[in-house]
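For reference, the structure is listed below as structure tokens.
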Amino acid sequence: MSETHDCDVVVVGGGIAGLTAANRAAQQGLKVVLLERGVDERYLCNTRYSGGVIHLAFRNVKDRPEELMEAVKQATSGNADPALAKALATTCGRAVDWLSGEGAKFIRVGQIAWQQWVLAPPRRIMPGLDWEGRGPDFTLRTLANNLGARGGRIFRGTAATALMEKNGTCTGVEAQDAQGTHHFNARAVVLADGGFQGNLELVRRHICSVPEKLKQRGPSTGVGDGLRMAQAMGARVTDLDYFYGHMLSRDAFTNDLVWPYPQLDELGIAGIVVDTAGERFADEGLGGVYLANAIAKLPDPLAAWAIFDEAIWQGPGTTARIPANPHLVKAGGTMLKANTLRELAALAGIAAGALESTVAECDKALSAGRLAQLDPPRTPSAVEALPIRQPPFYAVPLCAGITYTFGGVAIDEHGRVLRSDGGPISGLYAVGATTGGLEGVKGCGYVGGLVKGLVFGLRAAEHAAKKINNASGAAVDS
């Protein structure tokens, strides 16, 4: 059976980016349809699995835009698209106000700058998954209800298969559900289906030669539909080689309690991360997202270990929002323990002599203030490098946990999809993890997933509504 539907805006994907775009468009008087692959009313997506913290480059989204732009610049080593960074910095404060106006609830966590806008109810401090009834789940359900109240329709169990176009303008979406093919005619299309982390072939091509050895930290629902469809219309794409994620216990493949939390970043950053040869292969000071990517690039991504001592376990090991100490042990995660590094190496199957030499070299460089002279160097970071001297010594087997991909469709500050020649594709927008240009340009550079989806969902809907309403002479809700 084939059906045709007419509307003003079609949104592909029902995470925070898609539901924001859909609601903001409907709020401005447009007829909106949202297509979602998930079948259940509480379909899984990265937003539902998230911790619910809305921050920008680990800063309060209400900070001055100039400060936020500088934070993005530092987080991305100056590689983020300046127009996109400015759009984030100047809109994120208004965006959380809009989300609050939609019925989202927030709490703040003490004086921690980047945890002043946490979706409530908050995730419990516990290992494993904890999403049902938590802030992100509540917020998505609230936004879905709001969309229905505004006359918008959500088609669940519906996968977008192709963009419709006429004379280079996007005119709608072709989609498939259990009943057959549907054609959604629209004056604007917003791609908000997430990254391509759930598409193993794309991950193999761009990120990791053995994607089966990466642990999905989300539900794997982002399979690159938006990226594929936009490319078919001639869209430009950014660097696709990096992702947002964290170091996890290798037991995550067999023990659901050790993912997506606790993350083990602090253990490796304060200590060291080595391969089975007992050698460091990455700069721990660049952070957990960088280290997760470095592990993914290893010939064997299941050959990495965090090495640390009792002082690190009792110090940095306790400091994360959901810390490794004590939650890794509570969840039954593997943590090897010995009174000497040689004994520890034997337990882990790591080359003992090399591990002893690596630790000695790092401790010597730390004492002499010459961490930058190590190979690879050790950059100063918020989590301070500490010596590995106080027994017992620990080794935790690591894996790279991938949450969403950094690269994607190139957009401008309004979320308009850009052609290979740089101009926008008329009628086509992309938001959230479907896009690139901020994170992952020439490396990692995480700035925040929820804020990116929220801000560009708003901006794309507002630009599309202004264009459509101006063309029809309708009033635009500011």
Legend entry - Where N is the number of residues in the range 139-282, Cα Rg divided by 2.2 N^0.38 Å: 1.37
Legend entry - Relative contact order computed over the range 280-416 (Cα-Cα under 8 Å; 6+ residues apart), in percent: 42
Inset, instruction - Take the solvent-accessible surface of the protein heavy atoms, probe 1.4 Å, and return the percent of it on the chain that carbon and sulfur atoms account for. - result: 50
Inset, instruction - Check cross-link reach from LYS31 to the lysines: straight Cα distance under 23 Å, and skip same-chain residues fewer than eight apart. - result: LYS166, LYS466, LYS467
Legend entry - Rounded Å value of the spacing that divides the Cα centres of the range 20-62 and the range 184-248: 17
Legend entry - Heavy-atom surface of the chain, accessible at 1.4 Å and reported per residue (Å²): 38
Inset, instruction - Any chance you could check the Cα centroid distance between the range 350-419 and the range 281-299 for me, in angstrom? - result: 6
Inset, instruction - Using only the alpha-carbon atoms of the range 174-219, report the extent along each of the three principal axes, biggest first, to the nearest angstrom. - result: 40, 25, 20
Inset, instruction - Please report, largest first and rounded to whole Å, the three semi-axes of the ellipsoid equivalent to the range 24-104, where each semi-axis is the square root of five times an eigenvalue of the C-alpha gyration tensor. - result: 28, 17, 14
Legend entry - Folded to 0 to 90 degrees: helix 352-368 orientation relative to the chain principal axis, Cα: 80
Inset, instruction - Convert 4 °C to kelvin, take the viscosity as 1.567 mPa s, use the Kirkwood radius over C-alpha pairs of the chain as Rh, and evaluate the Stokes-Einstein diffusion coefficient in µm²/s, rounded to a whole number. - result: 57
Inset, instruction - Return P(r) of the range 212-267 (all Cα-Cα pairs; 5 Å bins starting at 0; whole %; ordered from short to long distances). - result: 4, 15, 20, 19, 14, 11, 9, 7, 2
Legend entry - the range 9-166: relative contact order in percent, alpha carbon pairs under 8 Å with at least 6 residues between: 33
Legend entry - For the chain, the longest site-free run once GluC sites (Glu not before Pro) in DSSP loop states with at most 10 other Cβ atoms within 10 Å are removed: 133-478
Legend entry - Within straight-line cross-link reach of LYS364, aspartates and glutamates at Cα separation under 17 Å, skipping those fewer than 8 residues along the same chain: GLU279, ASP283, GLU284, ASP309, GLU356, ASP375, GLU384
Inset, instruction - Show me 292-304, 11-23 ranked by packing, highest mean number of other Cβ atoms within 10 Å first. - result: 11-23, 292-304
Legend entry - Expected 222 nm ellipticity per residue - DSSP helices of 4 or more, -39500 (n - 2.57), all of the chain, to 500: -9500 deg cm²/dmol
Inset, instruction - Would you please name the trypsin sites (Lys or Arg not before Pro) within the range 10-63 that are DSSP coil residues with at most 16 other C-beta atoms within 10 Å of their C-beta? - result: ARG42, LYS62
Legend entry - Cα gyration tensor, the range 247-350 - rounded (a/c under 1.5), prolate or oblate: rounded
Legend entry - Hits among lysines - C-alpha to C-alpha of LYS105 under 18 Å, sequence gap 8 or more where chains match: LYS62
Inset, instruction - Return one number: the angle in degrees, 0 to 90 and rounded to the nearest 10, between the long axis of the Cα atoms of helix 449-472 and the longest principal axis of the Cα atoms of the chain. - result: 10
Legend entry - Length-normalised contact order of the chain in % [C-alpha pairs under 8 Å, at least 6 apart]: 23
Inset, instruction - Sort out for me the Cα centre separation of the range 64-81 from the range 314-345, rounded to whole Å. - result: 34
Inset, instruction - With label points built 7 Å along Cα→Cβ from the Cα atoms of GLU310 and GLN74, find their separation and express it in nm. - result: 3.6
Inset, instruction - Can you tell me the 0 to 90 degree angle between the C-alpha axis of helix 65-75 and the longest principal axis of the chain, rounded to 10? - result: 50
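The values are calculated or read from the model by the stated rules, or taken from the named source; none is laboratory data. Just so it is clear, the structure is predicted and the values come from calculations on it, not from any experiment. Cβ atoms come from the backbone with ideal geometry, glycine included; neighbour counts cover every protein chain shown. Quick note on the areas: whole protein, heavy atoms, side chains included, nothing else; ligands and nucleic acids left out. Shrake-Rupley method; radii C 1.70, N 1.55, O 1.52, S 1.80 Å.
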